[in-house]
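Shown next, in structure tokens, is the structure this report addresses.
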Amino acid sequence: MENAILASTSTLHGQNYLEYLLPEITTLFQDCSEIIFIPFARPGGISHQDYTEHVQKALGKLPFRVKGLHEFQDPVKALNECDGIFTGGGNTFLLVEKLYRLKVMPVLKKQIKIGKPYLGTSAGTNIAGLTMQTTNDMPIIYPPSFQTLGILPFNINAHYLDPDTNSTHKGETRETRIKEFHTLNTQPVVGLREGSWLELSAGEIVLKGTLSSRIFKVDKVPFELAPNCKLTDLN
């Protein structure tokens, strides 16, 4: 049974990295002595090791160690044997391509399904959905498949933004993009705003944070779901 935190973002305006999630992270990994960080979503400009050290610094006061998956010669064994897992943000296409190339996508899914604590932020949350097709990221690399973990019975649009009624910009909004997705796909999409996260525990999926999420279904008017409401049966 899943035990996970799936957050829209890692960092809120005016805060440090993961700061707003620290109480939830402390509870999620309370029985862990070591967790594995998956750093593969971050494009060039910061190495996997630098990204891992950034996480280690942010979580340094918590009672567990953090090691990057890139440090292990056998990533499958590492994921099977670790106490908990954190997948960070970046580019979802890059992350998914690497997970498939390392042949760890099914391993990651199995470990989350059996209850190993999992934290995802941004791209690490996008991959929890049925597919990665509602990411905001540019396709900088072509993964073998858009299918992802399927831990959730729907898709996620992390960093969801509402239309700015005062803007003169005439380009597509997030809502427009998601409606385009629904002309060819049927699964619901949850627009997860900054500072919101999904908590998976005891067989339930619950929206957490102080903001509502926008829910999109095929041929339905989008609607708002309030904090602390369940999304378990969203289909």
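One table, with the values for the structure above:
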{"read-out": "Which listed residue, of 231, 225, is surrounded by fewer than 19 Cβ atoms within 10 Å (Cβ to Cβ), hydrophobic (A, V, I, L, M, F, W, C) and within 30 Å of residue 18 (Cα to Cα)", "value": "225"}
{"read-out": "Total residues in the stretch 1-27, condition outside any loop (DSSP other than H, G, I, E, B), under 23 Å from residue 155 (Cα atoms) and of a type outside the set (Val, Ile, Thr)", "value": "5"}
{"read-out": "The stretch 112-167, subset small (Gly, Ala, Ser) and surrounded by fewer than 18 Cβ atoms within 10 Å (Cβ to Cβ), residue farthest from residue 84 (Cα to Cα)", "value": "167"}
{"read-out": "Answer from 34, 24 - the residue that is modelled with pLDDT of 95 or more, closer than 15 Å to residue 55 by Cα and acidic (Asp, Glu)", "value": "34"}
{"read-out": "Pair list, Cβ < 8 Å and 6+ apart or interchain, from the stretch 11-30 residues that are free of Cβ contacts under 8 Å to residues at least 40 places away in the same chain to residues that are assigned to a loop (DSSP other than H, G, I, E, B) and among the polar types (S, T, N, Q)", "value": "19/11"}
{"read-out": "Residue check for residue 186: under 23 Å from residue 13 (Cα atoms), assigned to a loop (DSSP other than H, G, I, E, B) and among the β-branched types (Val, Ile, Thr)", "value": "no"}
{"read-out": "Where residue 142 falls short, out of the listed (1) in a helix (DSSP H, G or I); (2) farther than 27 Å from residue 19 by Cβ; (3) not charged (D, E, K, R)", "value": "(1)"}
{"read-out": "Residue ID - nearest to the chain's Cα centre (by Cα), chosen from residues in the stretch 168-186 that are hydrophobic (A, V, I, L, M, F, W, C) and surrounded by 14 or more Cβ atoms within 10 Å (Cβ to Cβ)", "value": "178"}
{"read-out": "Criterion (assigned to a loop (DSSP other than H, G, I, E, B) and either in contact (Cβ under 8 Å) with a residue 24 or more places away in the chain or not charged (D, E, K, R) (or both)) met by exactly one of 152, 119", "value": "152"}
{"read-out": "Condition met for residue 129 (part of a loop (DSSP other than H, G, I, E, B), out of contact with any strand residue (DSSP E or B) (no Cβ under 8 Å at 6 or more places or on another chain) and either touching a residue at least 60 places away in the same chain (Cβ under 8 Å) or within 22 Å of residue 200 (Cα to Cα) (or both))", "value": "no"}
{"read-out": "Enumeration of residues in the stretch 9-31 that are under 19 Å from residue 79 (Cβ atoms), surrounded by 18 or more Cβ atoms within 10 Å (Cβ to Cβ) and not aliphatic (A, V, I, L, M)", "value": "29"}
{"read-out": "Lone unmet requirement of (1) surrounded by 13 or more Cβ atoms within 10 Å (Cβ to Cβ); (2) not in a strand (DSSP E or B) for residue 198", "value": "(2)"}
{"read-out": "The stretch 7-22 - residue that is among the hydrophobic types (A, V, I, L, M, F, W, C) and touching a Phe, Trp or Tyr at 6+ places or on another chain (Cβ under 6 Å) and, of those, farthest from residue 120 (Cα to Cα)", "value": "12"}
{"read-out": "Some residue of the stretch 185-199 being aliphatic (A, V, I, L, M) and modelled with pLDDT under 95", "value": "no"}
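The values are calculated or read from the model by the stated rules, or taken from the named source; none is laboratory data. All figures in this text were calculated on a predicted structure; none of them were measured in a lab. Using ideal geometry, Cβ is built from the backbone for each residue, glycine included, and neighbour counts are taken over all protein chains shown.
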